[in-house]
Protein chains: 2
Amino acid sequence: MKQTDSASVSRNYHHGDLYQSLLFTATEMIAEGGTESLSMRKLADRVGVSRTAPYHHFKDKNALLCAIAEQGFERVEKLLHEVRIKEESESLAMIFTQYVHTYIELAYKHREQYDLMFGREIWRNGTPTESLHNRSRQHFKSWLKWIEHLCDEKVLHVGDSTLRTAQVCWATLHGLCRLFNDGIYTEQSHLDEMVDTAVNMMLKNT
Amino acid sequence: MKQTDSASVSRNYHHGDLYQSLLFTATEMIAEGGTESLSMRKLADRVGVSRTAPYHHFKDKNALLCAIAEQGFERVEKLLHEVRIKEESESLAMIFTQYVHTYIELAYKHREQYDLMFGREIWRNGTPTESLHNRSRQHFKSWLKWIEHLCDEKVLHVGDSTLRTAQVCWATLHGLCRLFNDGIYTEQSHLDEMVDTAVNMMLKNT
DNA sequence: CAATCAATCTTGACAGTGTCAAAATATCGT
DNA sequence: ACGATATTTTGACACTGTCAAGATTGATTG
């Protein structure tokens, strides 16, 4: 409710809720023009504050990006929980298929945030926040648990181990996401067919 | 043979083979410290030339990156051709498995170049060179042809269409590559098992 | 050989970036 | 009212990509 839309807030010396405001606006900017278009200075400008003010709330540009990524994890974690709740109503294979569809749609809708969650920018440089590290680990655990369940119920084709299955299945999802997110596959109209093909590859063919 | 190792070459005003030299050194620098660590100025410095000299051989930093990416495509194209030649000696499934292993190994060995080939930096901004565009398209055609062959021979599980199969299979490879390249999966020792699991998912279970 | 021309490289400049140190300002507890 | 603390600002530095104008060279003519 107090979501600081940089006009209505009184321009005090003390902003009041700069942390949230920065996070919100930064996410906005990234969604608009990509991760590269976000500069600390432009962000500060847009929030109506001086260049270095953000540094008192985020140690780094990196810390800011990690915080944004973390919110992304919260989103997918929520999605996963929602799906696991309605497990009684439909067949498990159906639910899995649907999850994959929405996962990839969501990843595309928030492309830039997704890139932050799993991109080299944060992970390859070895700079993920403790907090981000934990949240991502925790999310993979949730995913693993679901896949184990699907393997037990003979829905998924299980190979060497359910862990490997979970890793590879997710790699497939991730690969599809990246190809679309990064603009390598551009025909959005083919996406549904591709997802179905992928899911068929994963499901135990009966 | 004339591969300019920035010491032995006489420091003339005219470098002699600056284009090649830039390409070579830039690739080197990227392999060392990642795409982000390559700056035009440092590159020029290392080659022993002034800041803006590279701009007479590459329109942009982007153009330079595209050229490097292109060399990466040449490499994988070569790999694919080598594999398709020895098709008689072993079972097709075996050859496919082996290809996937070497593909992913190669991608990891040249992580940064791989990132250039398929990363957002070039593709998402819509800035691939004509030349790069063609070469990548051509490579996917080669891949598609092989997959079609493997589908015909009942080696691969064919879904809606061989095109979709080719796309999804490659997405799976790509997903695995990225997870390791970007430092999300770090246990290198699990890679072989994961690749096997992935291949099993793609092969027609007999 | 000398003179012109095109190819190649350099210097200077500008706007933009992340971030540190020191100074300024506001808020709060006493 | 005052001093402590939290918050923000100004100034500065080194770095980035790239443009415009000038300097230097090698090749091509007469």
- Return an integer: the convex hull volume of the alpha-carbon atoms of chain A, in Å³ per residue. 145
- Item | Flagged links, alpha-carbon separation over 20 Å, of A:204/B:145; B:78/B:204; A:204/B:204 | A:204/B:145; B:78/B:204
- Considering the options A:186, A:73, A:44, tell which one lies farthest towards the positive end of the dipole of chain A, charges being +1 on Lys and Arg and -1 on Asp and Glu at the Cβ, about the Cα centre. A:44
- Message: Give me log10 I(q)/I(0) at q = 0.08, 0.12, 0.14 Å⁻¹ for the protein assembly as shown, Debye formula, one equal scatterer per alpha-carbon, no solvent.
- Response: -0.51, -1.06, -1.32
- Computed over region B:3-125, the ratio Rg/Rh where both radii use C-alpha atoms and Rh is Kirkwood: 1.09
- Task: Would you calculate a helix-derived [θ] at 222 nm for chain B, using -39,500 (n - 2.57) for each DSSP H run of n ≥ 4 and dividing by the full residue count, to the nearest 500?
- Result: -21500 deg cm²/dmol
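Pairs of Cα atoms under 8 Å, at least six residues apart: use those to get the relative contact order of region B:53-206, whole percent. Don't jump to the answer; show the numbers that get you there.
Values: 98 pairs, mean separation 46.1, N = 154.
Contact order relative to length: 30 percent.
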- Query: Can you list, shortest first in nanometers, how far residue B:87 lies from the same residue in the other copies, with each label 7 Å from Cα toward Cβ?
  - Reply: 4.5
- Note on the structure: Distances in nm between the label point of residue A:192 (7 Å along Cα→Cβ) and its equivalents in the other copies, shortest first, are 4.4
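Please identify the DSSP H helices in chain B that span no less than 20 Å along the helix axis (Cα) and have a mean Kyte-Doolittle hydropathy of 0.0 or more.
The answer, listed by residue number, is B:18-33, B:61-85, B:92-109, B:162-181.
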- Would you mind checking which residues have amide H under 5 Å from residue B:203's amide H? H placed 1.01 Å from N; only 5 or more apart, or other chain. none
- Cβ-vector label at 7 Å, residue B:145, separations to other copies in nm: 5.0
- Prolate/oblate/rounded call for region B:155-206, Cα gyration tensor, a/c under 1.5 rounded: oblate
- Query: To the nearest 20 debye, what is the magnitude of the charge dipole of chain A about its Cα centre, counting +1 on the Cβ of each Lys and Arg and -1 on the Cβ of each Asp and Glu?
  - Reply: 780
- Chain B residue with Cβ closest to the axis mapping B onto A, distance in whole Å: B:175, 1
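Quick note: the coordinates plus some simple rules give every number you see, no bench work behind them. What you see is a predicted model; the values in this text were computed from it and never measured. Neighbour counts are summed over all protein chains in view; Cβ atoms, including those assigned to glycine, are modelled from backbone coordinates with ideal geometry.
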